[in-house]
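Enquirer: This is the structure, below, for whatever I ask next.
The values are calculated or read from the model by the stated rules, or taken from the named source; none is laboratory data. Just so you know, these numbers come straight off a predicted model, no measurement behind them. When we count neighbours, we look across all protein chains shown, and the Cβ atoms used for this are built from the backbone with ideal geometry, even at glycine. Note: areas computed on protein heavy atoms with side chains; ligands, DNA, RNA excluded. Shrake-Rupley method; radii C 1.70, N 1.55, O 1.52, S 1.80 Å.
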Amino acid sequence: SSRCSAKAVVGLSSPECSAPPHLPAAMVVCTLVAGDDVSALKIKVAAKAAGVDLKLERPKGGACVPELHIGGRVVRYTNAVIRCIGRIFEGSDIYGSTFIENAQVDSWLDWTEMEFGSSEPPNGEAAVEKLATHLESRTYLVGQRYTLADVSLSCSLAQLKLSLPPAVQRWLNTCTAHESFKAVGGAAPKGGKASASASSGAAPAAVASSSSSAAAPAAALDDASLTAKYSTAVGGRVQIKKILEAGEALVGRKIRVCGWVRTMRDQKQVMFLELTDGSGPGGLQVVLDPAVPGYESLKNGCGTGASVMCYGVLVKSPAAKQPVELLLKDPDHEVQLFGSVDSSDYPMAKGKHSMEFLRSIGHLRPRATIIGSVARVRNALAHATHEFFRERDFIYVHTPLITAADCEGAGEMFQVTTLMADAEKDGGRLPMTADKKVDYSKDFFCKPSYLTVSGQLSVENYCCALSNVYTFGPTFRAENSHTSRHLAEFWMIEPELAFADIQDDMQCAEDYLKYCVRYAMKHNRADLEFFDKQVEQGLIVRLENLLAEPFQRLTYTEAIEVLIKESPKAKFKVAVEWGMDLGSEHERYLAEKIYKKPTILYNYPKDIKAFYMRLNDDEKTVAAMDVLAPGIGEVIGGSQREERLDVLDRRITEMGLDVKDYWWYRDLRRYGTVPHAGFGLGFERLIMLVTGIENIRDVIPYPRYPGHAEF
């Protein structure tokens, strides 16, 4: 009993494992405090999670704190004992898998002791709220694994009668369902109002999952919540993602799924199908008995790509790949072939395909696992964008796609005209002026018009009336570029902040980027784990590091000085000098090699930036900023806008633009001008950042680039 003062003998749990060099091979003795249930529980769960055996014995003396005896050395106090146990096997990840994670685990252990070290924590509710914010997009406290931090805090919260927010209750359910907690026999959480299992007095059952998703609460497993909306045509289907997330909790339930065949194996006495329905990257194995109704229809045309409906019972899978599979064998079970496929000419036959090949079959490539995962992450980041700005009282403005203004002053714009079509009807003659130029007064808009390269100038009008606004839509650039970082059609997020300067702008950009990453990690965990395995190993750690600390900030001039100093070692292809437009190699070197995290550069030379960026007092630089991300380079560009009319006119003229074309933009400076700032983020660059995909053509459904406008 933990109520009795006891000592625990700690031994190596696996015969094949030996004690590390810094520990003797002999048994380790641990003394537990009399009457301290929480300390005893923490130590026992930590030992079980670390793979260390505990055998309780009564202590010889009257020790009042936990003690760990290692040879002639004694370790005292709960956190110190837990840390020591966590280090017995150095190859274990229970203490974190990196140096940074080790430090984070230590911080959480200390925080737990400080906030929840007593049976009635004085600041418990405030601490729980802070915890909820941290856990909003996480499964565990540190990294992607169950660590000592989770052990300590979950054991503390499981013994307290606190009302827990959903994110904390979800995490606590996950921890108390962990095999180490259940093996020790820890009590269920006492007071979380958000958990039905907690209030019932029984520890929540583990819910197996193909990903690290949190355990699904029992309330979410009823038929109404499982059945996909608008699926009465097939009798009500269940998404495969929900089945895999719930896992063994659904064993014994009759389930109907619809989807496309990823693989098929016909072994005469039984047929195996792997189905996917687009709800997640994972597939569901279906096992069919030849006696099931509809089986014969599968004999011809049920290869990879065929669409089927399967109705059967969910059973525990004997294979380790996934926890459950759908079994069809009884007379009331059914399989129906919707659409057959001739495997001999189906382009997406079993096997991996290059990204180049997938682009050539844009109508079918969404069926590839990697493109499906990209689509789901893209969808999530679009939702995150609107949620971020809505929560901060920004107003969404639809800006025009057709414009007469060149926002960037670069001249690389697609022209919108009806003159060519009219000329074909008129013998190929274009209307010309007296000085032999095209007479655009005869065109549809009566002036040269283009597809926009940015909605910024238009959204600024609304900023100067509604304060904080944003636009999110497609933009276009006629740049003859074939690189992996450029598209002719792409999407931009462009907020504008009234009564704000460059500092506000940089903070908003950082907050937005972190919000999007958190959102994807919360809602698309399985997809990110797929990318981590198949696209960029270490992706999730990189994203966690992005969230872990503030972005680095330095001026353009300071960055140039750093790059010049590093040039002999870096061996840049393009020499570094002040006034240059930094290339991708320079930007990535700063973010990946020097600061090893997202980096914001600001105060750029005026000659390489747009006319609307505010001129600094030095008359050489403008209040512009770029956010550089590891693996990507520039992901956000922004500035404080020039609100002084005389300076704006001078800058427009210097850029070779016609002041008359911007009469309405100038009016904003004439009538109640205000300091304001904004930025633009290329949506596809954001998706590349979150997924690890290296070619921008693979993160947009239908890429448009020189010579390619199919589908």
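Enquirer: Share of the chain's accessible area from carbon and sulfur, percent, 1.4 Å?
Expert: Using a 1.4 Å probe with all protein chains present, the chain comes out at 52 percent carbon and sulfur.
Enquirer: Determine the order of Val438, Val453 by accessible area, beginning with the largest, at a probe radius of 1.4 Å.
Expert: Val438, Val453
Enquirer: Could I ask something else about it? Kindly rank 564-577, 147-160, 271-284, 667-680 from highest to lowest mean number of other beta carbons found within 10 Å of each residue.
Expert: Descending packing order for the listed peptides: 147-160, 271-284, 667-680, 564-577.
Enquirer: What FRET efficiency do you get for Asn379 and Thr653 if R0 is 35 Å and r is their Cβ-Cβ distance, rounded to the nearest 0.05?
Expert: 0.20
Enquirer: In square angstrom, what is the accessible area per residue of the chain with a 1.4 angstrom probe?
Expert: Ligands and nucleic acids excluded, the figure is 46 Å² per residue.
Enquirer: Continuing with this model, one more query. Working only with C-alpha atoms, what are the Rg and Dmax values of segment 495-546, expressed in angstrom?
Expert: Values for segment 495-546 (Cα only, Rg and Dmax): 14.5, 45 Å.
Enquirer: Relative contact order of the chain: what whole-number percent is it, with Cα pairs under 8 angstrom and at least 6 residues apart?
Expert: Averaging sequence separation for qualifying contacts and normalising by length gives 8 percent for the chain.
Enquirer: Given all pairs of different Cα atoms, what value in angstroms does the Kirkwood hydrodynamic radius of the chain take?
Expert: 29.6 Å
Enquirer: So how strong a dipole does the chain carry about its Cα centre when Lys and Arg Cβ are +1 and Asp and Glu Cβ are -1, to the nearest 20 debye?
Expert: That gives the chain a dipole magnitude of about 2180 debye.
Enquirer: Right, here's the next one. Which value, in Å² and to the nearest 10, is the accessible area of Asp581 when all protein chains are kept and the probe is 1.4 Å?
Expert: 100 Å²
Enquirer: Now, a different point. Hey, which of these cross-link pairs are over 21 Å Cα-Cα: Lys42/Lys242; Lys42/Lys182; Lys130/Lys161; Lys229/Lys254; Lys42/Lys533?
Expert: Check vs 21 Å cut-off fails for Lys42/Lys242; Lys42/Lys533.
Enquirer: If one takes the longest principal axis of the Cα atoms in the chain, at what angle in degrees, from 0 to 90 and to the nearest 10, does the Cα axis of helix 539-548 lie?
Expert: So the helix axis and the longest Cα principal axis differ by about 80 degrees.
Enquirer: Less than 19 Å apart at the alpha-carbon level, and either on another chain or at least 8 residues along: which aspartates and glutamates does that give for Lys569?
Expert: Within the straight-line cut-off, Lys569 pairs with Glu558, Glu561, Glu577, Glu585, Glu587, Glu592.
Enquirer: Ignoring ligands and nucleic acids, what accessible area does Asp504 show with a 1.4 Å probe (Å², nearest 10)?
Expert: Probe radius 1.4 Å; accessible area of Asp504 about 70 Å².
Enquirer: Between Asn695 and Ala349, what FRET efficiency comes out of the Förster formula 1/(1 + (r/R0)^6) with R0 = 22 Å and r the beta carbon distance, rounded to 0.05?
Expert: After rounding to 0.05, the efficiency reads 0.40.
Enquirer: Another question, if that's okay. Cα axis of helix 37-50 to longest principal axis of the chain: angle in degrees, 0 to 90, nearest 10?
Expert: Here the helix axis deviates by roughly 70 degrees.
Enquirer: In degrees between 0 and 90, to the nearest 10, how far off the longest principal axis of the chain does helix 166-176 point, with axes built from Cα atoms?
Expert: On a 0 to 90 degree scale, this one is about 40.
Enquirer: Further question: Take the residue pairs Lys241/Lys268; Lys268/Lys329; Lys48/Lys597 and return only those whose Cα atoms are more than 25 Å apart.
Expert: The pairs that break the limit, which is 25 Å between Cα atoms, are Lys241/Lys268; Lys48/Lys597.
Enquirer: State to the nearest 20 debye the size of the charge dipole of segment 483-632 about its Cα centre, where the only charges are +1 on K and R beta carbons and -1 on D and E beta carbons.
Expert: So the dipole magnitude of segment 483-632 works out to roughly 640 debye.
Enquirer: Show the residues, 5+ positions off or on another chain, whose built amide H is closer than 5 Å to the amide H of Leu160.
Expert: Residues meeting the criterion, in which the H sits 1.01 Å from N, are Lys190.
Enquirer: Something else now. One-quarter of the Cα convex hull surface for segment 293-404, in nm²?
Expert: Its average projected convex-hull area is 13.4 nm².
Enquirer: Taking every pair of Cα atoms in segment 283-350, average 1/r, invert it to obtain the Kirkwood radius, and report Rg/Rh to two decimals.
Expert: Dividing the radius of gyration by the Kirkwood radius yields 1.00.
Enquirer: Would you mind checking which residues have amide H under 5 Å from Thr555's amide H? H placed 1.01 Å from N; only 5 or more apart, or other chain.
Expert: Tyr602
Enquirer: Between Val622 and residues 5 or more places away or on another chain, which pairs have amide H atoms under 5 Å apart, with H built 1.01 Å from N, and which residues are they?
Expert: Tyr604, Lys606, Asn616
Enquirer: If ligands, DNA and RNA are left out, what is the accessible area of Ile94 with a 1.4 Å probe, given in Å² to the nearest 10?
Expert: Its accessible surface works out to 10 Å², give or take rounding.
Enquirer: Let me ask something else about it. Kindly sort Met688, Met655, Met432, Met492 by accessible area of their heavy atoms, largest first, with the probe set to 1.4 Å.
Expert: Most to least solvent-accessible, the answer reads Met432, Met655, Met492, Met688.
Enquirer: Which of Leu381, Val308, Tyr346 sits farthest toward the positive end of the charge dipole of segment 245-382, with +1 on the Cβ of Lys and Arg and -1 on the Cβ of Asp and Glu?
Expert: Of the candidates, Leu381 comes out farthest on the positive side.
Enquirer: Highest mean first, how do 534-541, 119-126 rank when packing is the count of other Cβ atoms within 10 Å averaged over residues?
Expert: 534-541, 119-126
Enquirer: Once the dipole of the chain is set up with Lys and Arg at +1 and Asp and Glu at -1 on Cβ about the Cα centre, which of Pro122, Ala158, Ile100 lies farthest towards its positive end?
Expert: So the residue furthest toward the plus end is Ala158.
Enquirer: Could you work out the equivalent-ellipsoid semi-axes for segment 427-478, taking the square root of 5 times each eigenvalue of the Cα gyration tensor, largest first, in whole Å?
Expert: Working from the Cα gyration tensor, I get semi-axes of 34, 13, 8 Å.
Enquirer: Per Stokes-Einstein, at 25 °C and 0.890 mPa s, what whole-number D in µm² s⁻¹ belongs to segment 404-518, with the Kirkwood radius over Cα pairs as the hydrodynamic radius?
Expert: Rounded, D is 143 µm²/s.
Enquirer: Further question: Going from most exposed to least, what order do Trp491, Trp663 have by accessible area with a 1.4 Å probe?
Expert: Trp663, Trp491
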